[in-house]
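Below is one structure, written out as structure tokens; the observations come after it.
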Amino acid sequence: MMMSIHLVSYVKDQGVPLERASLALTILGTGTLLSIVAAPSLSALDVLLFGFGLSAAGSDTTLVKGAVETFGVRSIGAVMGVLSLGWRCGAALGPTAAGFIYDAMGTYVLAFALAAAGLALSSAFFTLGTVPAPERRGYL
């Protein structure tokens, strides 16, 4: 949510005209924005945004499949409920925090870096918290 809320402002701050920055928000639906912190060219930005859209399209199905394989079918409701709560909290707090950081520092770099670090940390915690497949077969 942070990216979709602050995308136009970020791209505009990079010296891109408002009309072109607004197009970036449209492209976000079919691409990725994570790599723009490195400030690639506009052509590279378009390709990255398109790639994100293609990869995000299958994430829900992959997530549910992974949750079932990791925690078992009986746990899917609880697992998806906890994940949904986390997503909703993040969707509310992430854009707000990014706005405060931008107002205080005049740049989105720290906000985007913190978001990337949070994703990496949550991925590490997920990896550490899962049980290897051979040991959990009796739980499915």
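The values are calculated or read from the model by the stated rules, or taken from the named source; none is laboratory data. Since the structure is predicted, the reported quantities are computational estimates derived from the model, not experimental observations. Here the Cβ is made from the backbone with ideal geometry for all residues, glycine too, and neighbour counts use every protein chain on show.
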Whichever residue in segment 8-30 is in a loop (DSSP other than H, G, I, E, B) and under 16 Å from residue 41 (Cα atoms) and, among such residues, is nearest to the chain's Cα centre (by Cα): 14
Test result for residue 67, more than 17 Å from residue 6 (Cα to Cα), surrounded by fewer than 12 Cβ atoms within 10 Å (Cβ to Cβ) and modelled with pLDDT of 80 or more: no
Residue within segment 100-108 that is under 17 Å from the mean Cα position of the chain (by Cα) and modelled with pLDDT of 85 or more present: yes
Condition met for residue 61 (at pLDDT below 90 and either assigned to a helix (DSSP H, G or I) or hydroxyl-bearing (Ser, Thr, Tyr) (or both)): yes
